[in-house]
Amino acid sequence: MIDDDSLDEIKRRVEQLRAAHRALDDDIIHMIEERPFAQLEITRMKKRKLALKDQITMLESALVPNIIA
C-alpha cells in the first residue's frame, strides 16, 4: 500500500507531466503553423509527447488501488 506522502508526490509528478504534455502540444501546433518544413523536429516532439503520456498513465495506475474481485 502507498502512503499519503507517496500519493501526494505521484499526484505532483502527474501534474508536472501533464503541464509538459500541454506545453509540447502547444509548441507542436505553433511549429506546424509557422514552420511547416520542420517535420523532423515536429516528429521528435510528438514522440516525446507520447512518452510523457505513457509516464502519466503509468503513474495514474499507481494511484488506483488494487482491488481483488
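The values are calculated or read from the model by the stated rules, or taken from the named source; none is laboratory data. Remember, predicted model here, so these are calculated numbers, not experimental data. Here the Cβ is made from the backbone with ideal geometry for all residues, glycine too, and neighbour counts use every protein chain on show. Surface accessibility is based on the protein's heavy atoms, side chains included, excluding ligands, DNA and RNA. Shrake-Rupley method; radii C 1.70, N 1.55, O 1.52, S 1.80 Å.
Just checking, which of Ile32, Ile68, Ile28 is among the hydrophobic types (A, V, I, L, M, F, W, C) and under 17 Å from the mean Cα position of the chain (by Cα)?
Ile28
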Legend entry - Unique match (being assigned to a helix (DSSP H, G or I), open to solvent by less than 80 Å² (accessible area, probe 1.4 Å) and not hydroxyl-bearing (Ser, Thr, Tyr)) among Leu40, Leu24: Leu24
Legend entry - Set Ala62, Ala20: member being among the small types (Gly, Ala, Ser), touching a residue at least 60 places away in the same chain (Cβ under 8 Å) and on the phi < 0 side of the Ramachandran plot: Ala62
Legend entry - Within segment 1-21, considering residues that are of a type in the set (A, V, I, L, M, F, W, C) and not in a helix (DSSP H, G or I), the one nearest to Ile67 (Cα to Cα): Met1
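Taking the stated definitions as given, is Ile32 in a helix (DSSP H, G or I), on the phi < 0 side of the Ramachandran plot, loosely packed, with under 14 Cβ neighbours inside 10 Å and in contact with a helix residue (DSSP H, G or I) (Cβ under 8 Å, 6 or more places away or on another chain)?
yes
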Inset, instruction - Name, by its number, the condition in (1) free of Cβ contacts under 8 Å to residues at least 12 places away in the same chain; (2) surrounded by 14 or more Cβ atoms within 10 Å (Cβ to Cβ) that does not hold for Glu15. - result: (2)
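Output yes when any residue across segment 48-65 is assigned to a loop (DSSP other than H, G, I, E, B), open to solvent by less than 100 Å² (accessible area, probe 1.4 Å) and β-branched (Val, Ile, Thr), and no when none is.
So far as segment 48-65 goes, yes, one or more of its residues are assigned to a loop (DSSP other than H, G, I, E, B), open to solvent by less than 100 Å² (accessible area, probe 1.4 Å) and β-branched (Val, Ile, Thr).
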